[in-house]
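Asker: I am attaching a structure below and will ask some questions about it afterwards.
The values are calculated or read from the model by the stated rules, or taken from the named source; none is laboratory data. Computed from a prediction, not measured in an experiment: that's the story for all the values here. A quick note on method: Cβ atoms are made from the backbone with ideal geometry, for glycine too, and the neighbour counts reach across all protein chains shown. All accessible areas refer to the heavy atoms of the entire protein, side chains included, with ligands and DNA or RNA removed. Shrake-Rupley method; radii C 1.70, N 1.55, O 1.52, S 1.80 Å.
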Amino acid sequence: MIIDGKKCSEEILENLKKEVSEYKERIGKIPGLAVIILGDNPASKIYVRSKIRACEKVGIYSKEIVLSDKISEAELIKEIEKLNSDKDINGILVQLPLPEHINEKKICDAISIRKDVDGFKQESLGKIVLGDEDGFISCTPQGIIYLIDQLNMDLNGKNAVVVGRSNIVGKPTASLLINKGATTTVCNSKTKDLTGILKRADIIVVAVGKAGFLKKDMVKEGAVVIDVGINREGGKICGDVDFEGVSQIASHITPVPGGVGPMTIAMLLKNTVKAFCKEELVNGK
Ligand code: GUN
């Protein structure tokens, strides 16, 4: 069965739209998201455009800030600090990757914990590990878990394998699976006997950035397969999973495009609304 991330994300956006319009009516305010982009990396521009367009669809105020890729780290931090104290902005996102002369960790940590809708601050990642639901869960891992939740599986006693150990996807996704009771293994492309480990998995999440990396003979019959890859091959977008082969034996599988990708944006807007609620809806207002 194909897990339809596009349809699921559209439902989430529809619900957020209703929620935002209720807030507008009730308290006369709407959530706001600021997106900072440096330079003109074509892939980053496409991602930012989709984020802004999704905000417009839902009725969230958005502010796109385009800066030179020559900007100094200190100047960029100043921009972030301005947004930290901007009352119209509830979420701040700095599109990654950043130029080499800028330290990504310093930039992510400059964003206020109240506005860290990407969940990339070390404090936010700490909250994910601890299962503290007050924090912001990074968008792609949150989208992955949302899709898995739709399957109504009890993860206790299940084996989950995450291939990829990035701070943005692999590590937070593994933490979320651990918190749901899954026996979770984190591998990477160089793990010994990767096939042996994968063959025991009930759930496989692949985020390695290699087209067609996961093949049919690496997957147990009936496993759930989540493909986080976005690879460009000859003008076509494809995932990290050999979809044609693996879909023959997986019980559920996400397609690329139309799987995890649209969920990431939906979760960004969900986090922005959450940030707004935390700020504005105190005392049951
Ligand atoms: N670059 C690629 N994916 C992401 C993301 O989810 N957030 C940010 N800020 N940058 C990215």
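Asker: How about the range 186-237: which of its residues are of a type in the set (D, E, K, R) and either within 21 Å of Gln142 (Cα to Cα) or part of a loop (DSSP other than H, G, I, E, B) (or both)?
Answerer: If the condition is that a residue be of a type in the set (D, E, K, R) and either within 21 Å of Gln142 (Cα to Cα) or part of a loop (DSSP other than H, G, I, E, B) (or both), then Lys190, Lys192, Asp193, Lys199, Arg200, Asp202, Lys210, Lys215, Lys220, Glu221, Asp227 are the ones that fit.
Asker: Just the residues that are within 30 Å of Ile249 (Cα to Cα), open to solvent by 90 Å² or more (accessible area, probe 1.4 Å) and in a helix (DSSP H, G or I), please, taken from the range 1-31.
Answerer: The answer is Lys6, Lys7, Glu11.
Asker: Please go through the range 212-229 and pick out each residue that is touching an Asp or Glu at 6+ places or on another chain (Cβ under 9 Å) and either charged (D, E, K, R) or surrounded by 12 or more Cβ atoms within 10 Å (Cβ to Cβ) (or both).
Answerer: Residues of the range 212-229 touching an Asp or Glu at 6+ places or on another chain (Cβ under 9 Å): 212-216, 220, 222-224, 227-229.
Listed by number, the residues that qualify are Gly212, Phe213, Leu214, Lys215, Lys216, Lys220, Ala223, Val224, Asp227, Val228, Gly229.
Asker: In addition: Output the residues belonging to the range 48-66 that are within 11 Å of the ligand (Cβ to nearest atom) and either at pLDDT below 95 or of a type in the set (Lys, Arg) (or both).
Answerer: Lys51
Asker: Could you identify the single residue in Lys51, Lys63 that is out of contact with any Pro (no Cβ under 9 Å at 6 or more places or on another chain), under 14 Å from Val94 (Cβ atoms) and assigned to a helix (DSSP H, G or I)?
Answerer: Result of the check over Lys51, Lys63: Lys51.
Results for (1) in contact with a strand residue (DSSP E or B) (Cβ under 8 Å, 6 or more places away or on another chain); (2) small (Gly, Ala, Ser); (3) more than 12 Å from the ligand (Cβ to nearest atom); (4) open to solvent by less than 10 Å² (accessible area, probe 1.4 Å), shown as yes or no for each residue.
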| site | (1), (2), (3), (4) |
| --- | --- |
| Leu33 | yes, no, no, yes |
| Ile36 | yes, no, no, yes |
| Asp40 | no, no, yes, no |
| Gln142 | no, no, no, no |
| Ile148 | yes, no, yes, yes |
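Asker: While we're on this one: Is there any pair with a first residue in the range 86-97 that is under 12 Å from Lys51 (Cα atoms) and free of Cβ contacts under 8 Å to residues at least 24 places away in the same chain and a second that is open to solvent by 10 Å² or more (accessible area, probe 1.4 Å) and not charged (D, E, K, R) whose Cβ atoms are under 7 Å apart and which are 6 or more apart or on different chains, and what are they?
Answerer: none
Asker: Additional query: Do you know which of the residues in the range 85-106 that are within 21 Å of Ser166 (Cα to Cα) and out of contact with any helix residue (DSSP H, G or I) (no Cβ under 8 Å at 6 or more places or on another chain) is least open to solvent (accessible area, probe 1.4 Å)?
Answerer: Top of the filtered list is Pro99.
Asker: Write out, first by first residue and then by second, each pair whose Cβ atoms fall under 9 Å of each other, whose residues are 6+ apart or on separate chains, and whose first residue, in the range 15-37, is more than 13 Å from Leu269 (Cα to Cα) while the second is open to solvent by 10 Å² or more (accessible area, probe 1.4 Å) and of a type in the set (Asp, Glu).
Answerer: Pairs found: Tyr23/Glu280; Ile27/Glu280; Lys29/Asp88; Lys29/Glu280; Ile36/Glu64; Ile36/Glu79; Ile37/Glu64.
Asker: Quick one: in the range 107-134, which of the residues that are within 16 Å of the ligand (Cβ to nearest atom), assigned to a loop (DSSP other than H, G, I, E, B) and not acidic (Asp, Glu) is most open to solvent (accessible area, probe 1.4 Å)?
Answerer: Phe120
Asker: Here are some conditions: (1) open to solvent by 50 Å² or more (accessible area, probe 1.4 Å); (2) away from the ligand (no atom under 14 Å from the Cβ); (3) over 16 Å from Lys274 (Cα atoms). Glu73 meets all but one. Which one does it not meet?
Answerer: (1)
Asker: Which residue, of Glu73, Glu81, is within 26 Å of Ser166 (Cβ to Cβ) and either touching a residue at least 24 places away in the same chain (Cβ under 8 Å) or hydroxyl-bearing (Ser, Thr, Tyr) (or both)?
Answerer: When all the criteria are applied, what remains is Glu73.
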